[in-house]
Amino acid sequence: MRRTLRKAKKLGNRSSDLARQYLAGISDQLSGIREIKTNALERSRLSWLESISADIHEEQYEFLKLRSQSQSAYQAVSAILIALFLFVFVHMLHTRLEQLILIVLIFSRLWPRFTGIQSNLEQIASYLPSLRSVLGIQADCRAAAELSFGDETKAEGMAIRHALECRSVYYRYDIARPHYALRNINLSIPALGMAAVVGRSGAGKSTLIDLLMGLTTPEQGTIAIDGIPLTQERLHAFRQSVGYVPQDPFLFNDTIRNNLLLVKQDATEDELWECLAFSASADFVRKLPQGLDTFIGDRGVRLSGGERQRLVLARAILRKPSILILDEATSALDSENELKIQEALEKLRGRMTLVVIAHRLSTIRGANQVIVLDQGAIVQSGSFSELAAEKKGLFGSLLENQTLAASG
């Protein structure tokens, strides 16, 4: 029994690993179908699918073979034991026939139970690795769970009157490693101003934005709103006051109207068109066949990249946030669409606090404050003109490189 259980457990580990690889690979192929087709990778991806399917088939075959072999072995052993049993009791112990029949009957009824127990143990052993994985995920989710304070959807937004601050903030993704994604971050973003966060790739810009939105909690230090630390009790109210426009815009497979109403279900028709006008989206929406009721496909595939980006900006504006955060929202757009986004942001200045992660430094000339990150630390902070004048600084170097690239 121990031998077959060890084999079943080994097969269970393999089954769990193969399932993880299969699901991850299928998800990657569906997400990267454009890259696969444009680079003519269909044959290599199909070969991968055939290979992992063969591995899964072999693993399932091995498990069925193990069960069949164990059942056959038990049946053979049971036949031998019954023969030995009869021989011992009849020829050696001279047992009476009626007693022998009773014992054989009891034995024949009990033996299938033992084989059933063994079969169930093998199946349980094969499922144990998957169970441990699920339990581990549950434990991680419980450890990362946020406190709940009633119906978060009804929480009122938090108006920011003075400033959003980071006070001696440290953060790392893996506490077992010494490397910090952010180190000793101290900054203050004034209300109704525009702050830009710049730096090389991997400097910690997106990590800082996640902290400012309350999506992650600092390992050390605090995030404060108007001087009051952001605690779990205030977290949902704070998120109601934050609008976010990511670099990769996400829209649901629904109408434009329903995509906008996600953030404010009771919004009126006038409010919808107002936010579309602010985001420079009203003109192209009016030209669509059904206007606001036009279906835009999975992730907004029926719209251009610039149109999707502007719709996501409109959705963020609709909830009338105190803080609007744009995470490199114009980096993938052409100059025309980038200009429209910039014009929309100019309309919003003075109405809400703007925090912009910028890849193209020319787009943040109007920022009141520019924060330069490098290797998780703030290395420069000031106005655009001040930092541009510091030729030896990182910002001056980044600006010069982009200017040379544009002119070349």
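No lab work stands behind these numbers, since they all come straight from the coordinates. All figures in this text were calculated on a predicted structure; none of them were measured in a lab. When we count neighbours, we look across all protein chains shown, and the Cβ atoms used for this are built from the backbone with ideal geometry, even at glycine.
Worth pointing out:
- Within region 202-227, backbone nitrogen closer than 12 Å to the virtual label 7 Å beyond the Cα of residue 161 toward Cβ: 226-227
- Legend: helices of the chain (whole DSSP H runs) are marked when their alpha-carbon atoms reach 24 angstrom or more along the helix axis and their mean Kyte-Doolittle hydropathy is at least 0.5; marked are 97-144.
- Contact order normalised by residue count of region 212-300, Cα under 8 Å, 6+ apart, percent: 33 percent
- For the chain, excluding the exposed loop sites themselves (chymotrypsin sites (Phe, Trp or Tyr not before Pro), DSSP loop, at most 16 other Cβ atoms within 10 Å), the longest remaining stretch covers 253-408.
- Inter-site label distance for residue 403 and residue 170 at 7 Å from Cα along Cβ, in nm: 3.9 nm
- With the helix formula -39500 (n - 2.57) applied to DSSP H stretches of n ≥ 4, the chain reaches a computed 222 nm mean residue ellipticity of -17500 deg cm²/dmol.
- Given 37/287; 287/320; 10/65, the pairs whose alpha carbons are separated by over 24 Å: 37/287; 287/320
- Residue 120-residue 44 FRET efficiency (beta carbon distance; Förster radius 41 Å; 0.05 resolution): 0.45
- Simple spin-label estimate for residue 145 and residue 258 in nanometres, 7 Å along Cα-Cβ: 3.1 nm
- Among (1) -0.56, -1.36; (2) -0.75, -1.31; (3) -0.62, -1.34, the entry derived from the coordinates for log10 I(q)/I(0) by the Debye sum over Cα atoms at q = 0.09, 0.14 Å⁻¹: (2)
- Among beta bridges that DSSP assigns inside the chain, antiparallel share in %, nearest 5: 50 percent
- Rounded to the nearest 0.05, the FRET efficiency derived from the C-beta distance between residue 304 and residue 137 at R0 = 41 Å is 0.60.
- Taking each residue as 0.36 nm, the span from residue 102 to residue 71 lengthens on full extension beyond its C-alpha to C-alpha distance by 8.6 nm.
- Each of residue 206 and residue 284 was given a label point 7 Å from its Cα along the Cα-to-Cβ line. The distance between the two points is 2.3 nm.
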